[in-house]
Amino acid sequence: MDDDPDFVAVMKVVLESEQYTVAAASDPEEGMSQLQAERPDLIIMDVMMSTWSDGFEMSRDLKKDPRYQDIPILMLTGVEERSGIGFKSTAGDPEWLPVNGFLDKPVAREVLLDEIKSLLSRKTRHGAGT
């Protein structure tokens, strides 16, 4: 989920070139509709969408919801560059930023793909609920 259509288009090309199936959403409401329609193996989201805190709030809501809490979330954001505030050190905190991975934009293709593979392999090794 990201509100920048150009970034979403590039991400879609990169991920589909690696044989990933991609569904895109530009805000939390659209994202929840996508989640209800099709359960993904991984969620990639930005912090800032319609508001500066959409990603924080949505990640908290997803990790509290038994239907979605086992889906890994990768936070891919330019929030530090835009705000000057670093959040990477709080990634994984169950109350503040309950995400499984955190990368700053811009991100190299190889770094992104390695992180995705790592998150998906952890989910496979540990099974649902981890």
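Residues in the stretch 9-22 that are of a type outside the set (S, T, N, Q) and more than 17 Å from Glu110 (Cα to Cα): Ala9, Val22. Asp70: assigned to a loop (DSSP other than H, G, I, E, B) and touching a Gly at 6+ places or on another chain (Cβ under 8 Å), yes or no? Yes: the conditions hold for Asp70. Here is the figure for the stretch 1-55: residues that are acidic (Asp, Glu), loosely packed, with under 15 Cβ neighbours inside 10 Å and in a helix (DSSP H, G or I) total 3.
Is at least one residue of the stretch 121-128 under 15 Å from the mean Cα position of the chain (by Cα) and at pLDDT 90 or above? No: the stretch 121-128 contains no residue that is under 15 Å from the mean Cα position of the chain (by Cα) and at pLDDT 90 or above.
The values are calculated or read from the model by the stated rules, or taken from the named source; none is laboratory data. Note that this is a predicted model, so its numbers are computed, not measured. Every residue, glycine as well, gets a Cβ built from its backbone with ideal geometry; the counts of neighbours run over all protein chains shown.
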